[in-house]
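Values in this text are rule-based calculations from the coordinates and carry no lab data. The shown structure was predicted, so the numbers you read here are calculated from the model rather than taken from an experiment. With ideal geometry, Cβ positions are generated from the backbone for all residues, glycine too; neighbour counts draw on all protein chains shown.
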Amino acid sequence: MQTHILGFPRIGRNRELKKALEGYWKGELSENQLHETADELKKRHWKFQHDAGLSFVTVGDFSLYDHVLDLTVALGAIPHRFQNAGSALDTYFAMARGDGNRNIPAMEMTKWFNTNYHYIVPELSAGQSFKPSIEWLENDVIRVGQLGFRAKPVLLGPITYLALSKGGTESSRWDSLPQLTEIYISFLERLAPQCDWIQIDEPILCTDMSGSLRKTFRETYHKLRKGSPSARTLLTTYFGSIRDNLDTALASECSGLHLDLCAAPAQLSDVLAALPEHMHLSLGVVDGRNIWKTNCAAALSSLRNAALKLGSDRLFVGSSSSLLHVPVDLELETSLDPEIKNWMAFAVQKCGEIALLGQTIDGEWSPECLNENRLANESRHLNMKTFDPAVRRRCRNVTPEMLNRKSPYADRYRKQQEALNLPLFPTTTIGSYPQTEAIRKARREYRKGELSPDAYEAFLKDTIREIVGHQEALGLDVLVHGEPERTDMVEYFGQQLEGFCFTDHGWVQSYGSRCVKPPVLYGDVSRKQPMTASWLAYAQSLTRKPMKGMLTGPVTILCWSFVRDDLEREEVCRQLALALRDEVLDLERAGLKIIQIDEAALREGLPLREDEAEKYLQWAIDAFRLTVSGVEDTTQIHTHMCYSEFNAILKWIAAMDADVISIEASRSNMDLLQAFVDFKYPSAIGPGVYDIHSPRVPGLEEILERLEQALRFIAPEKLWVNPDCGLKTRGWPETLLSLGNMVQAVRVLREEYSDTQNKVTR
Ligand code: GLN
Ligand code: ZN
């Protein structure tokens, strides 16, 4: 039985890569020093895999920024605007991050399938030419050999690469395929003599593929086989089930197939029944997406079942996906509850589990290790820390009525209009205001104990008062408190809820040098006490304008945490929703007439298959409705989403039944609003009128123009005015200027619409 992982986290145990990258970008580190750090990390990760007892050391998974970008560079598919961008390394970083000095925009970045990792989207122009070079990977394979390890290089496959790319037209991109196939053949030919196996990732096989794409897949892999008959290729699929693409994968003539048995355990039996004799099977039984110890007993039963059928010499055991999506080493965690820590495994520990599973199947028993694993799993599943009967009871007693507001939207609209007495085109912001150095400093000092809790609270209150003062001066209509007390929109709530714990070093790469440290949701979720109400009541006390209460929604908290895998996600989400429902009611009681529930992650939680999306959306939207529906008709519920691709899910967005939704729109010319018109979306909409991702101040005219565009789609009495997203990453100077222009633009618009204005106030 062979053992391997699909990839190791690159960032380093102590985020060495992050520090080196940022040092290099600031000019504090030379190119050589950056390469030294990278080489050291690679070597460390290889040695580690070898020492853990894995059969192979995965090579080519490391990257200075992103592995998709690396492949783009290896193919020589560098977009024109980066020609002459400097050294190879500077060109590489310019592609990833843009070149501010020369005003060259970066390549687009987007989420890697349904993960929170972002890759750099390949840009292929019509008639794209390539200039391939695979030396970097060859060199690493040689280095691994010199260290005495067996290398298994990994390449992202051509079909997934093209399917994820943009530029030109769809058909012009696929016109590149014959050329690309030749390049892959040359890569395989170069690598094959030096390695037993080459891993080719085709996660596209876990998505809905058209008949013609499947045909293309087969033809391409047939050519690869013919062109490089000696290469032993392991075709990997992950993040879902291969389902109806199984025949395509089996016809690929690859030497092996990898399945993600964590995301889709049920697919094993179909594959076992159909696997041709020449193919090996790699089973991903150790979760590359989550931080829990593997249940070795359950994994062994799948593996034994497969070994019985195929013989263990045709089997690999591995991680379900690359371990890129989990933190590096649990050993660094010294302040976790030891009992809970004992339920977890990070990348390093997962390698050990894979080795253990392989040895066990091969008959090299390690009863102590297996026993430890069993005890850890038992301790987790039988533990009262994960189980709260009151929470379970409350979830069971959720009734359909609890998901419905008291009255339909049209009635609520009238009542809210009376209660709030807002002008036409109400102006507001999305929640956060600049997180200044002063705020970060106070937070640091408070954490270190240098600032007392009272002093910290006083500081935050002063900050809120200032933020409210600015908004009053600007003349905004609906104010916010600015979120200065929140480090992060999920962590802040996790810290106050039962069922969560936090790591000190559990960093996961999000993109480039950027890492996130997701909270760990390990047990039943409940709320000890109000979480935000006192801050918001204070903020409301400072103004006669309506203050908008601000909460992160249940789906977003779920999507941005490491979530327990011993309870359905739907159920966990319902627990979160109930806890937040209490908070919503506390806010209402505290005098807040407007409450916003951010669901920034709703879309990224979508499964990769369309027919599974429905089920997810059903429970996700129910969770939102459960969160908000306890309030009176006069309380106005807002939601906010940071993206603009709504067409496919608009039905569900409407089903949220929010009174107002704010969305990202400024970058797409408001055209996305057509979908809302087509759908006859009933409620009010605040399409972001300027992009908050850059310090650029939008002019009054420009904002006015956007608003006029929006009015082509939205009735005047349903149009709200706000920026695209929160202002946390902005500085004050541009924030004040931008919002000032926004308010002015609205004043001009109101003049034009003064008749409508009278009608609405009447
Ligand atoms: N209320 C949050 C903020 O303004 C929303 C952030 C988000 O949508 N990502 O920062
Ligand atoms: Zn946003």
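Using square roots of five times the C-alpha gyration tensor eigenvalues, list the equivalent-ellipsoid semi-axes of segment 155-208 in whole Å, biggest first. Spell out each step's value before the answer.
Working: eigenvalues 110, 44, 8 Å².
So the equivalent ellipsoid measures 23, 15, 6 Å along its semi-axes.
Looking at segment 274-348, what % of the alpha carbon pairs are farther apart than 14 Å?
On the way: 1814 of 2775 pairs.
Beyond 14 Å sits 65 percent of the P(r) for segment 274-348.
Distance distribution P(r), segment 431-588, all Cα-Cα pairs, bin width 5 angstrom from 0: 1, 8, 16, 18, 19, 17, 12, 6, 2, 0, 0 percent. Compared with the direct C-alpha span, the chain from residue 31 to residue 269 gains 80.7 nm at full extension, assuming 0.36 nm per residue.
Can you tell me the equivalent ellipsoid semi-axes for segment 299-404? Use √(5λ) from the Cα gyration tensor, largest first, whole Å. Show your work: numbers first, answer last.
Numbers: eigenvalues 224, 81, 47 Å².
For segment 299-404, the ellipsoid semi-axes come out as 33, 20, 15 Å.
Cβ crowding within 10 Å ranks 462, 659 as 462, 659, fewest other Cβ atoms first.
The Stokes-Einstein estimate for segment 560-664, based on a Kirkwood radius over Cα pairs and taken at 25 °C with 0.890 mPa s viscosity, is a diffusion coefficient of 169 µm²/s. Directionally averaged projected area (segment 378-454, Cα convex hull): 12.0 nm². For a paramagnetic label modelled at 7 Å from the Cα of residue 604 toward its Cβ, which residues of segment 533-567 fall within the zone defined by backbone nitrogen distances under 16 Å? What the label zone holds, given the 16 Å backbone N cut-off, is 552-563.
Peptides 252-259, 228-235 ranked from most to least packed, by the mean per-residue count of other Cβ atoms within 10 Å: 252-259, 228-235. For segment 678-723, the Cα-based Rg and Dmax, in that order, read 11.6, 35 Å.
Average the reciprocal distances over every distinct pair of alpha-carbons in segment 694-762, invert the result, and give the Kirkwood radius in Å. Walk me through the numbers before you get to the answer.
Values: mean 1/r = 0.0765 Å⁻¹.
Here the Kirkwood hydrodynamic radius works out to 13.1 Å.
Regarding segment 645-748, what is the average projected area of its C-alpha convex hull, in nm²? Can you show the working numbers first?
Numbers: hull surface 25.5 nm².
It is 6.4 nm².
The distance between label points at residue 219 and residue 103 comes to 4.4 nm (points 7 Å beyond Cα on the Cα→Cβ vector).
Taking the inverse of the mean reciprocal distance over all distinct Cα pairs, the Kirkwood hydrodynamic radius of segment 328-379 comes to 11.9 Å.
Once divided by 2.2 N^0.38 Å, the Cα radius of gyration of segment 165-275 becomes 1.10.
So how much slack lies between residue 496 and residue 667, counting 0.36 nm per residue of separation and subtracting their Cα-Cα distance, in nm?
Values: separation 171, 0.36 × 171 = 61.56 nm, distance 3.56 nm.
Once the chain is fully extended between residue 496 and residue 667, it gains 58.0 nm.
Each principal axis of the Cα cloud of segment 253-309 was taken in turn, and the coordinate range along them, longest first, works out to 34, 21, 15 Å.
Projected area of the chain, taken from the Cα convex hull and averaged over every viewing direction, in nm²?
32.3 nm²
With the charge dipole of the chain set up from +1 on Lys and Arg Cβ and -1 on Asp and Glu Cβ about the Cα centre, the Cα lying farthest toward the positive end among the listed residues 278, 743, 723 is that of 743.
Working from the Cα coordinates of segment 17-150, the gyration tensor eigenvalues give, after taking √(5λ), semi-axes of 28, 18, 15 Å in decreasing order. If you bin every alpha carbon distance in segment 99-203 into 10 Å steps from zero, what whole percent lands in each bin? In order of increasing distance, the bins hold 13, 35, 34, 16, 2 percent.
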